[in-house]
Amino acid sequence: MENVVVLIVGAGPAGLATAACLSQFSIPYVIVERESCSASLWRNHAYNRLKLHLAKEFCELPHMSYPVDAPTYIPKTLFVKYLDDYVERFNIQPKYLTSVESSTYDNDQQCWSIVAHDMAKSTIVRFSAKFLVVASGENSAENIPMIPGLQSFPGDVVHSSSYKSGKSYSGMNVLVIGSGNSGMEIAYDLAAHGANTSIVIRSPIHIMTKELIRLGMTLARHLPLNLVDNLIVMAANLKFGDLSKHGIRRPKMGPMILKSKTGRSAVIDVGTVGLIKKGIIKVHGSISKIMGDIVEFQCSKEISFDAIVFATGYKSTTNIWLTNGERMLNENGLPIKEYPNHWKGENGLYCVGLARRGLAGIAADAKNIAGDIKSVICTMSG
């Protein structure tokens, strides 16, 4: 049994930020990670052309800025380098290949009892922790929706976490399911590599440019969100025109308010809209079923495809290993309390990076959690 003050589960940006903030207060911690490296989602499960969608000033982790010469929109490789430098700067030493199997609050001992599996040694490791920080992210497990007949599809079926580039799909008929940022950018990448690309867009989405989102986020510091929304939607409509005839509808709620209320992000256009307008990328509505290589849409259209890419996001796996967390997280493993009070549970339980507010949300959570742990420790020792 290893006695620790703070156990952090997950060494993505959320866990690393928390570790750095704790080390600023000289609070000892242990950080465990089920993969063999930090930030595995960014390192191993992100497509090649990915850049951070938000300007760098909204994407810094606490206590360390980007290099002065870094571009405004950070490419994936540079972000991974930033994280590696961050690990080195704060001397963060995650225990890799350590997967938490269970964690329960022990009322008698007033601490968290954690059982983990050391996958390298095939042994069980036990921790007793005064504080437990859930930093395992919203993006732990691939989310692939159940579509009738999907198992009969003979072609390539991949989740966006395995997609790297459209190079191998040249000349093929490819269907992208999911119209968030990943889906729209993967559709662009496929078309740019010569695939006959189609995308399923079911719900209304806000299409924006990265400059408009940057403007919106900057204005939101000083102006009411509904005013900011009116401005940037007006500008986006001027830029893109009416997209409803291409199968893209705007939500009634503005992009900044939608983000703050639901966590759903606007889609940053990387050139996909231009290709949709030219008819190079085809837009389809909901799918009713799949029969072999034929996809039948709800409008009764039937089209044959060689490959399907699911850009349908991820789900949290926290509830599989966390017991006694039901006051902090709902059945989907996401916070029950509204932002900005979502990060604190009971009995020294915290969550970081689950408010769907990107890297800026992670930075705020990490600072709050470290500050709270510090004050609890001061009270205990006082």
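Odds and ends about this structure:
- Qualifying residue in the range 337-347 (condition: in contact with a strand residue (DSSP E or B) (Cβ under 6 Å, 6 or more places away or on another chain), surrounded by 18 or more Cβ atoms within 10 Å (Cβ to Cβ), not in a loop (DSSP other than H, G, I, E, B) and not aliphatic (A, V, I, L, M)): no
- Positions within the range 20-46 being in contact with a strand residue (DSSP E or B) (Cβ under 6 Å, 6 or more places away or on another chain) and buried (at least 24 other Cβ atoms within 10 Å of the Cβ), in sequence order: Leu22, Ile31, Val32
- From the list Phe79, Phe90, the lone residue that is closer than 20 Å to Met217 by Cβ, in contact with a helix residue (DSSP H, G or I) (Cβ under 8 Å, 6 or more places away or on another chain) and either surrounded by 14 or more Cβ atoms within 10 Å (Cβ to Cβ) or of a type in the set (Gly, Ala, Ser) (or both) is Phe79.
- Residue satisfying condition, being among the β-branched types (Val, Ile, Thr) and either over 23 Å from Tyr29 (Cβ atoms) or part of a loop (DSSP other than H, G, I, E, B) (or both), within set Ile369, Ile373, Ile290: Ile290
- Only one of the numbered conditions (1) free of Cβ contacts under 8 Å to residues at least 12 places away in the same chain; (2) acidic (Asp, Glu); (3) surrounded by 16 or more Cβ atoms within 10 Å (Cβ to Cβ) is violated by Asp365, and that is (1).
- Only residues that are without any contact (Cβ under 8 Å) to a residue 12 or more places away in the chain and small (Gly, Ala, Ser) were counted in the range 65-118, giving 1.
- A search for C-beta distances below 8 Å between a residue of the range 182-210 that is without any contact (Cβ under 8 Å) to a residue 60 or more places away in the chain and under 15 Å from Ile281 (Cα atoms) and any residue that is charged (D, E, K, R) and open to solvent by 20 Å² or more (accessible area, probe 1.4 Å), counting only pairs 6+ apart in sequence or on different chains, returns His193/Lys167.
- Helices (runs of 4 or more DSSP H) wholly inside the range 161-270 that include at least 1 residues being closer than 29 Å to Glu142 by Cβ and open to solvent by 60 Å² or more (accessible area, probe 1.4 Å): 181-192, 210-219, 255-262
Residues checked against (1) surrounded by 14 or more Cβ atoms within 10 Å (Cβ to Cβ); (2) within 25 Å of the chain's Cα centre (by Cα); (3) in the same structural domain as Val200 (by the TED database):
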| position | (1), (2), (3) |
| --- | --- |
| Glu57 | no, yes, no |
| Pro67 | no, yes, no |
| Tyr73 | yes, yes, no |
| Trp112 | yes, no, no |
| Ala120 | no, no, no |
| Phe131 | yes, yes, no |
| Ile147 | yes, yes, yes |
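- Residue that is farthest from Ser316 (Cα to Cα), among those in the range 1-19 that are in contact with a Pro (Cβ under 6 Å, 6 or more places away or on another chain) and crowded, with 24+ Cβ neighbours inside 10 Å: Ala17
- Any chance Val295 is more than 26 Å from Ser265 (Cβ to Cβ) and surrounded by 21 or more Cβ atoms within 10 Å (Cβ to Cβ): yes
The values are calculated or read from the model by the stated rules, or taken from the named source; none is laboratory data. Worth saying up front: this structure is predicted, and the values here are computed from it rather than measured. Please note: Cβ atoms are built from the backbone with ideal geometry, for glycine as well, and neighbour counts cover all protein chains shown. Note: accessible area is taken over every heavy atom of the protein model, side chains too, but ligands, DNA and RNA are not part of it. Shrake-Rupley method; radii C 1.70, N 1.55, O 1.52, S 1.80 Å.
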